[in-house]
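Have a look at the structure below, then the notes.
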Amino acid sequence: MKKWLKGLGVGVLALGLAACGSAAEPKKDAGTGEKVELENKSEMTAQEVYSKAMEVSAEQKSMHAVMDIDQKISMPSQEVEMDSKIKMDMDIIVEPMAMHQNMKMDMGEMGKMDMELYMSESGFFMNDPESGQWIKMPKDMYDEMMAQMGGETDPTLDMKMFNEFKDDFKFEQTDDEYILTLAASGDKFSGLMKELMGSSLPADMTEEESELLENIDVKSLEVILYIDKETFYTNAFDLDMDMTMKIEEEEMRIVQKMKSVITKINEIDEIVVPQEVIDEAVDLEELMQQGQDQE
């Protein structure tokens, strides 16, 4: 979970260290293109904002996040296209790790799907969108999820890797927020993306995972982070990405636009799996065995 939090906010914010050491420019008005006059102008540099955000990230124990994702996946060789709109609404507690998530997915002609899940020390429970039945996932799957989401990430990234992006990075401000924007494309960014993605994967990744990582080509990516001037928490972020990857000689293109809003930081004290969910849930192994018996 800490890995996810830092990757979501502070880890990406680290890109700001490649920016110049001057204060943030006032954000331009979308209509006129002129810089907005600020009543609360800050002289903090990107380095100082990063350091402060690193400091407060250790204090983030819980949050509520809403993500809206528009995604298009295509495989030109097979004339396959799939458009989907995904909305995720989740409460998260870092330690002990707990999550309640609702997801709505609209895949156009392929239909719609709603999914709800709970993860806590009580177990990993998922609602089957077709039957409405609550399913308790196996303990080893729960343990694996906890391990992936609970690992620490070294916050002291090697900033040398970001040097070539210093001309691509913008550092702006409004009265309430610092706005950090990275817009980049080309081979240099594909290399950086592979390095960052590789650092979040397990050291013993499979040959297939390693090959997939090597075959990622980021055509373009824009990340916009909105950092609260008072608390230095990440209030929101936008991510637009256009990338391709090769899977067994087949090329897949993924175009994704994501908007995320983060609220209730440190305001969520407990996530409880409802007793009716625990009582009604069927073990996945038991459900699979029933299916085999009916064949």
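Derivation of every value follows stated rules applied to the coordinates shown; laboratory data play no part. Keep in mind the model is a prediction, meaning the values are calculated, not measured. Glycine gets a Cβ as well: all are built from the backbone with ideal geometry, and neighbour counts include every protein chain shown.
Going through the cross-link list 61/139; 35/229; 85/246; 52/170; 229/257; 27/85, which pairs have a Cα-Cα distance over 28 Å in this structure? Working shown, then result.
Working: 61/139 24 Å; 35/229 18 Å; 85/246 23 Å; 52/170 18 Å; 229/257 25 Å; 27/85 30 Å.
Those over the limit are 27/85.
Rounded to a whole number, what is D in µm²/s for the range 45-104 from Stokes-Einstein with the Kirkwood radius over alpha-carbon pairs (10 °C, 1.306 mPa s)?
Values: Rh = 14.9 Å.
Approximately 107 µm²/s, per Stokes-Einstein.
For residue 177, which sequence-distant residues (separation of 5 or more, or a different chain) have an amide H within less than 5 Å of its own amide H, given hydrogens modelled in the peptide plane?
So residue 177 has HN proximity to 229.
Please list, in order along the range 77-94, the HN-Hα scalar couplings obtained from phi with the Karplus expression 6.51 cos²θ - 1.76 cosθ + 1.60 (θ = phi - 60°), rounded to whole Hz, x for Gly and Pro.
5, 10, 6, 10, 9, 9, 9, 9, 10, 10, 10, 10, 10, 9, 9, 9, 10, 6
Where the only charges are on Cβ atoms (+1 Lys, Arg; -1 Asp, Glu), what is the dipole of the range 33-131 about its Cα centre, to the nearest 20 debye?
Numbers: 9 positive and 22 negative charges, 27 e Å.
The calculated dipole for the range 33-131 is roughly 120 debye.
Using a ≥ b ≥ c from the Cα gyration tensor of the range 35-143 (square roots of the eigenvalues), is it rounded, prolate or oblate, where a/c under 1.5 gives rounded and otherwise the larger of a/b and b/c decides, a/b for prolate?
oblate
Could you run the Karplus curve 6.51 cos²θ - 1.76 cosθ + 1.60 with θ = phi - 60° over the range 52-64 and give me ³J(HN,Hα) per residue in whole Hz, x for Gly and Pro?
5, 5, 4, 5, 6, 4, 5, 8, 7, 9, 7, 6, 10
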